[in-house]
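Structure, as structure tokens:
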Amino acid sequence: MDIEGQRRSDNFEDRGQGSGSSRAGAALPIQLIFGLMRFLGWKGTLVVAAVVGAGYYLLPGSVKQQLFGGGGPGNDGQAGGSVCQMSPGNGKACDFSRVVLASTEDVWSAKFRAGELPRYGRVPTAYANPTLAVFAAAVSTGCGEATSAVGPFYCSADRTLYIDPGFYQVMERRLRAPGDFAQAYVIAHEVGHHVQHIIGAMQMGVRGETKNQLSVRVELQADCFAGVWGHTARASLAINDEDLKEAVNAAHAIGDDALGNQDATRYTHGTSEQRMRWFRRGFDSGDARQCDTFKRAEP
């Protein structure tokens, strides 16, 4: 994957180093409850869809600590210093994230203009770009307070993706999912949730299914949308077979079963097999209309 000479998105914010307070951690279960209510079509304004967020709260405490550890370093106050300037690694991650975000903007703008999307009602022809905000330790969002422990997530209330660049180290060292395209997959997955918010997928329901089952459908569709982006950006970013292996490996690493949850009724993101399969479905086809996880009896 080559980002040399590529456009950097301006829809990027450095939110600084938060305090990682207990107040931030306590707010997240409430966000997730309202997010699942949204999946069922109930009234609400909040969706937080994290790559590992909902699953995080279902894991045993020992597994949480092993996978995520504590919050990152930080100072008191939201604007405790630039995250991107904390270290050379963070600076590189910020620059990389802006390139990937810019690429998703180009891809989804074209998809919306062409009408190449699943339809759950009227779909706008213009794509509204989301914002990507980086933070360390803790952050205030339109969905409430959050800590780094929740992992990357999307908040529909402010149409913003939130990522602590330190999560890329978590992927490499703890989840054993290294590589720049694995990191790009994470960003593209959260952008996928933004696409879902615009087209109304978040309001979809399937008769007789539980909140967790609907959550799995939402997450797998976001994986598929991430694959669609990868397919479309393959030439411009010089994405090769090794890059594809990185993303598929990352999808495997963050399956509910791979994260240690053995109770299938509590899955919220899908198994490793499902996550890999739906990412590949999007990547191989490049067609977002192939990503309609709500029209299948079993995703």
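The condition of being closer than 23 Å to Val123 by Cβ and of a type in the set (A, V, I, L, M) does not hold for Val248.
Looking at Leu214, is it closer than 25 Å to Phe112 by Cβ and touching a residue at least 60 places away in the same chain (Cβ under 8 Å)? Explain how you work it out, then say what you get.
Values: closer than 25 Å to Phe112 by Cβ: yes; touching a residue at least 60 places away in the same chain (Cβ under 8 Å): yes.
Criteria met by Leu214.
As a summary of the residue check, Thr104 satisfies the conditions (1) surrounded by fewer than 22 Cβ atoms within 10 Å (Cβ to Cβ); (2) modelled with pLDDT of 95 or more except for the one numbered (1).
Tell me whether the stretch 233-241 contains one or more residues that are farther than 22 Å from Ala128 by Cβ, basic (Lys, Arg) and either in a helix (DSSP H, G or I) or within 13 Å of the chain's Cα centre (by Cα) (or both). No.
You will find that of Glu298, Glu273, the residue that is in contact with a His (Cβ under 9 Å, 6 or more places away or on another chain) and surrounded by fewer than 14 Cβ atoms within 10 Å (Cβ to Cβ) is Glu273 and no other. When each of Ala235, Ala258, Ala253, Ala226 is tested for being closer than 26 Å to Lys295 by Cβ and of a type outside the set (S, T, N, Q), the lone residue that passes is Ala226. Screening Glu219, Glu209 for residues that are of a type in the set (Asp, Glu), crowded, with 24+ Cβ neighbours inside 10 Å and closer than 24 Å to Thr271 by Cα leaves exactly one candidate, Glu219. Please go through the stretch 175-201 and give me each residue that is in contact with a strand residue (DSSP E or B) (Cβ under 7 Å, 6 or more places away or on another chain) and over 15 Å from Gly227 (Cβ atoms), ordered by number. Answer for the stretch 175-201, where residues must be in contact with a strand residue (DSSP E or B) (Cβ under 7 Å, 6 or more places away or on another chain) and over 15 Å from Gly227 (Cβ atoms): just His194. As a summary of the residue check, Met202 satisfies the conditions (1) at pLDDT below 95; (2) among the aliphatic types (A, V, I, L, M); (3) touching a Cys at 6+ places or on another chain (Cβ under 9 Å) except for the one numbered (3).
Which residue pairs have Cβ atoms closer than 6 Å, lie 6 or more positions apart in sequence or on different chains, and pair a first residue in the stretch 83-97 that is farther than 18 Å from Gly5 by Cβ and modelled with pLDDT of 95 or more with a second residue that is in a helix (DSSP H, G or I) and of a type in the set (A, V, I, L, M, F, W, C)? Pairs that qualify, where the first residue is farther than 18 Å from Gly5 by Cβ and modelled with pLDDT of 95 or more and the partner is in a helix (DSSP H, G or I) and of a type in the set (A, V, I, L, M, F, W, C), are Cys84/Cys94. Pairs only if they're at least six apart or on different chains, beta carbon under 6 angstrom, first in the stretch 251-276 and in contact (Cβ under 8 Å) with a residue 24 or more places away in the chain and under 18 Å from Phe181 (Cβ atoms), second hydroxyl-bearing (Ser, Thr, Tyr) and assigned to a helix (DSSP H, G or I); list them, first residue then second. These pairs meet every condition: His252/Ser272.
Of the residues Trp278, Trp229, which is touching a Cys at 6+ places or on another chain (Cβ under 9 Å) and buried (at least 17 other Cβ atoms within 10 Å of the Cβ)?
Details: Trp229 fails: touching a Cys at 6+ places or on another chain (Cβ under 9 Å).
None of the others qualify; the one that does is Trp278.
From the list Ala149, Ala133, Ala128, which residue is surrounded by 24 or more Cβ atoms within 10 Å (Cβ to Cβ) and either in contact (Cβ under 8 Å) with a residue 40 or more places away in the chain or among the hydrophobic types (A, V, I, L, M, F, W, C) (or both)? Before the answer, list the steps.
Working: Ala133 fails: surrounded by 24 or more Cβ atoms within 10 Å (Cβ to Cβ); Ala128 fails: surrounded by 24 or more Cβ atoms within 10 Å (Cβ to Cβ).
Testing whether each residue is surrounded by 24 or more Cβ atoms within 10 Å (Cβ to Cβ) and either in contact (Cβ under 8 Å) with a residue 40 or more places away in the chain or among the hydrophobic types (A, V, I, L, M, F, W, C) (or both) leaves just Ala149.
Quick grid of which residues meet (1) touching a Lys or Arg at 6+ places or on another chain (Cβ under 8 Å); (2) of a type in the set (A, V, I, L, M); (3) modelled with pLDDT of 95 or more:
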| site | (1), (2), (3) |
| --- | --- |
| Glu190 | no, no, yes |
| His193 | no, no, yes |
| Gln221 | no, no, yes |
| Ala226 | no, yes, yes |
| Ile239 | no, yes, yes |
| Lys245 | no, no, yes |
| Asn261 | no, no, no |
| Thr265 | no, no, no |
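Just one of the listed residues (Ala258, Ala250) is touching a Leu at 6+ places or on another chain (Cβ under 9 Å), within 24 Å of Arg174 (Cβ to Cβ) and surrounded by fewer than 24 Cβ atoms within 10 Å (Cβ to Cβ), and it is Ala258. Only one entry in Ala126, Ala157, Ala136 is farther than 19 Å from Phe96 by Cα, of a type in the set (A, V, I, L, M) and modelled with pLDDT of 95 or more, namely Ala157.
For the structure I just gave you, tell me whether Leu117 is touching a Phe, Trp or Tyr at 6+ places or on another chain (Cβ under 7 Å) and outside any helix (DSSP H, G or I). For Leu117, the condition - touching a Phe, Trp or Tyr at 6+ places or on another chain (Cβ under 7 Å) and outside any helix (DSSP H, G or I) - is not met.
The values are calculated or read from the model by the stated rules, or taken from the named source; none is laboratory data. All values reported here derive from a predicted model rather than from experimental measurement. When we count neighbours, we look across all protein chains shown, and the Cβ atoms used for this are built from the backbone with ideal geometry, even at glycine.
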